Amino acid sequence: MFESLTHRRYLLPFRAGKLPQQFTDVLVIGGGVAGLRAAIAAAEHATQVLLLTKDTI
């Protein structure tokens, strides 16, 4: 029942203060088919689109 509270498969400790800041108009999370299509569609209407993926494209 409480497995989701104790199981941290993808959560890793990190210091957000050490990450570079990136300002964008649209942020798309996920580089699958839907994410890529959303990023392309957003790029047609926004000046800055950032696509985050866990793998390289």
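Some notes on this structure:
- Check on residue 11, aliphatic (A, V, I, L, M) and part of a loop (DSSP other than H, G, I, E, B): yes
- Number of positions in the range 40-52 that are surrounded by 14 or more Cβ atoms within 10 Å (Cβ to Cβ) and closer than 20 Å to residue 20 by Cβ: 3
- In the range 15-38, the residues that are within 13 Å of residue 57 (Cα to Cα) and modelled with pLDDT of 90 or more form Cβ pairs under 6 Å with partners that are surrounded by 10 or more Cβ atoms within 10 Å (Cβ to Cβ) and β-branched (Val, Ile, Thr), at six or more places apart or across chains, as follows: 31/53; 35/28.
- Within the range 24-52, tally of residues that are of a type in the set (S, T, N, Q) and touching a strand residue (DSSP E or B) at 6+ places or on another chain (Cβ under 8 Å): 2
The values are calculated or read from the model by the stated rules, or taken from the named source; none is laboratory data. Predicted model only: the values in this text are computed from it and were never measured. Note: ideal-geometry Cβ built from the backbone for every residue, glycine included; neighbour counts use all protein chains shown.
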